[in-house]
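Here's the structure we're looking at; comments come further down.
No lab work stands behind these numbers, since they all come straight from the coordinates. Values in this document were obtained by computation on a predicted structure and should not be read as measured data. Heads up, the Cβs are rebuilt from the backbone with ideal geometry, glycines too, and the neighbour counts pull from every protein chain shown.
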Amino acid sequence: MNFIKLIIITALLVTFSGIKAQSKFLNTIPDVKDVSLKTTLFFKDKKIEEAFTFLRTYWPIPDNEIDEVQTKSIKSLNMVEERFGKTQGILKVKEETIKDIAIRETYLVQFEKTAIRLKFTYYKTPKGWIVNSFSWDDDFDKEFK
C-alpha cells in the first residue's frame, strides 16, 4: 500500500512540477501599462532574461514554457542585432481594449535598419490583471492600416 502511495505522490509531483501560478496580480491599468513599458525597455537593452523574469511574475503559464520562449528570444535577438544594427529606441504603436476585461499594447523596438514588434495582452480576473499572452516578431508592417 505504501508503494502505491509513493507512486501516486511521485506522479502528482511530476505533473505539478511544470505548473506555476503567477505570484502577483496587477491592480490598475497604469500597473498593466508599466509592465509593457518595462518589458519593452528590457528588450531594447538586450536584457532578455530580466524581461522574462519580470513577466513571469504576472504570467500564469508553466515556467518551462516561459524558459523556452526566453531561450529562443535570446538566440533570435542576437541575430537581429548582427544583421540590423544596434537598438535605437522604443515606440508605443497602439493600445486596444475589450470593454473592461482585456487590454492589448503594442510596442516597437527600433534598430538601425528595422524594428521588432512586441505585443502584450492582459486579462482582468476577479483578483486583478494578468499577462494573458506576450509575443514578439519582426512583422511590424502589419501595423500599417
| request: Kindly put Arg83, Arg117 in sequence by how many other C-beta atoms sit within 10 Å of each C-beta, fewest to most. | output: Arg83, Arg117
| said: Given the options Pro62, Val109, Val93, identify the residue whose Cα lies farthest towards the positive end of the charge dipole of segment 25-143 (+1 on Cβ of Lys, Arg; -1 on Cβ of Asp, Glu). | reply: Val93
| query | How much of the calculated P(r) for segment 25-143 lies past 20 Å, in percent of all Cα pairs? | reply | 40
| field | Computed over segment 25-143: relative contact order in percent, which uses C-alpha pairs under 8 Å that are six or more apart | value | 24
| remark: Too long for a 27 Å Cα-Cα cut-off, among Lys46/Lys124; Lys46/Lys92; Lys24/Lys46; Lys92/Lys124; Lys75/Lys127, are Lys46/Lys124; Lys75/Lys127
| task | Within 10 Å, count the other beta carbons around each residue, average over each peptide in 123-132, 86-95, and list them highest first. | result | 123-132, 86-95
| note | Sorted on mean Cβ neighbours within 10 Å (highest first), peptides 67-80, 39-52 come out as 39-52, 67-80
